[in-house]
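Just so you know, all these numbers are worked out from the coordinates, no wet-lab data involved. From a predicted model like this one, the values you see are computed outputs, not experimental measurements. Ideal geometry is used to build each Cβ from the backbone, glycine not excepted, and the neighbour counts take in all protein chains shown.
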Amino acid sequence: MILTDLNPGETGTINDIKGDTHLQNRLVELGLLSGIEVRMVKQAPFKGPVEIKFRDSYLSIRWQDARQIDLIK
């Protein structure tokens, strides 16, 4: 399952971050690590940004980047 498969209000645990090294490093710097639980807050229509909550932070990321985050539900 990937992050964009979650509906608003659903949670999942990060299993892996795919994509290029730059994206992986950036998401890790923001605190998205394997084992962290994330909750989908909302998704903009037409493949717009997604807003997630993890720990005590909210983060909006591009839809394409969210598709690189592999989850365990």
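Quick one: residue 4 ticks every box in (1) part of a strand (DSSP E or B); (2) touching a helix residue (DSSP H, G or I) at 6+ places or on another chain (Cβ under 9 Å) bar one, so which box is it?
In the conditions (1) part of a strand (DSSP E or B); (2) touching a helix residue (DSSP H, G or I) at 6+ places or on another chain (Cβ under 9 Å), residue 4 misses (1) alone.
What are the pairs, 6+ residues apart or on separate chains, where a residue within region 6-27 that is in contact (Cβ under 8 Å) with a residue 40 or more places away in the chain has its Cβ under 9 Å from a residue that is surrounded by 12 or more Cβ atoms within 10 Å (Cβ to Cβ) and of a type in the set (Phe, Trp, Tyr)?
14/54
Could you tell me which residue of region 52-69 is surrounded by the most Cβ atoms within 10 Å (Cβ to Cβ), considering only residues that are of a type in the set (D, E, K, R) and over 11 Å from residue 4 (Cβ atoms)?
So the residue we want is 53.
Starting from region 57-73, take each residue that is closer than 14 Å to residue 10 by Cβ and list its partners that are part of a loop (DSSP other than H, G, I, E, B), counting only C-beta distances under 6 angstrom and pairs at least six apart or across chains.
71/1; 73/1
Tell me which residues, restricted to region 11-30, are part of a loop (DSSP other than H, G, I, E, B) and over 15 Å from residue 70 (Cα atoms).
30
Give me the residue from region 28-51 that is farther than 13 Å from residue 17 by Cβ and among the aliphatic types (A, V, I, L, M) and, out of that set, surrounded by the fewest Cβ atoms within 10 Å (Cβ to Cβ).
Restricting to residues being farther than 13 Å from residue 17 by Cβ and among the aliphatic types (A, V, I, L, M), the top hit is 44.
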